[in-house]
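Working notes, beginning with the structure itself.
The values are calculated or read from the model by the stated rules, or taken from the named source; none is laboratory data. Everything numeric in this text was worked out from a predicted model, so none of it was measured. For neighbour counting, all protein chains shown are included, and Cβ atoms are generated from backbone atoms with ideal geometry for every residue, glycine included. Side chains are part of the model used for accessible areas, which takes the heavy atoms of the whole protein and leaves out ligands, DNA and RNA. Shrake-Rupley method; radii C 1.70, N 1.55, O 1.52, S 1.80 Å.
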Amino acid sequence: MSERFSEILRRECAADWTAATGHRFVTDLCDGSIADATMAAYLVQDHRFLDAFLTLLGAAIASADRFESRLRFGRFAGMVSGEENDYFLRAFAALGVSETQRAAIPDKPPTAGFQALMREAAATRAYPAVLAVLAVAEGLYLDWARRAPQPLPENFVHAEWITLHDNPFFRDFVAFLQAELDRTGPAAAGQARDFFRRAVRLEVEFFDAAYQP
């Protein structure tokens, strides 16, 4: 049986993928030892992705070649706009970070880089390019979240961030992304590989930035 295209891309980026999924941020989050200031700084930056991410999902809906695929992306966009955004707002309240404070914090370089990459992929109007970025953004998070030790931390800010990225709906969506990338990616292998590689590198840099002033 031949290796799946999504697996080839992940293998080619194995060093960065492992650096991200085994990052200090992931370990500290999953064992509940992460400092409130570090978690708050991380979430402020991560929340900045939502606009560009929804743009990317819109591009997936527009460029997908199957009606069933458009429905899957539409359902996922609803979850991000509702359940996930609600988590951010509750987490900011719990961590004591006001909307005014959030607005005054500048984007860190990896945040700006990831926003730009998402918008670049969306602008290609090419389904494989969009899928490559989504497969990293969601697949990498599932990879670390599903390995979180049990029981999860008591603090909902930590626990819900883990369960948002490891639940039946999310696991099914990641499997769908990988299957779509396997199906359509080989026809645009160079483009998909470029976006996939850059996305994985930015994930490492984004976790690094959580511990930087």
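So the values come out like this:
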item	result
Residue match in region 134-151 (condition: surrounded by 17 or more Cβ atoms within 10 Å (Cβ to Cβ) and farther than 29 Å from residue 71 by Cα)	yes
All positions within region 124-139 that are among the aliphatic types (A, V, I, L, M) and not in a helix (DSSP H, G or I)	126
Tabulated pairs, region 88-106, first touching a residue at least 60 places away in the same chain (Cβ under 8 Å), second among the acidic types (Asp, Glu), C-beta under 7 angstrom, 6+ apart or interchain	95/36
Elements of type helices (runs of 4 or more DSSP H) in region 143-213, at least 1 residues being in contact with a Cys (Cβ under 7 Å, 6 or more places away or on another chain) and of a type in the set (Phe, Trp, Tyr)	189-209
Flag for residue 179 being open to solvent by 10 Å² or more (accessible area, probe 1.4 Å) and at pLDDT 95 or above	yes
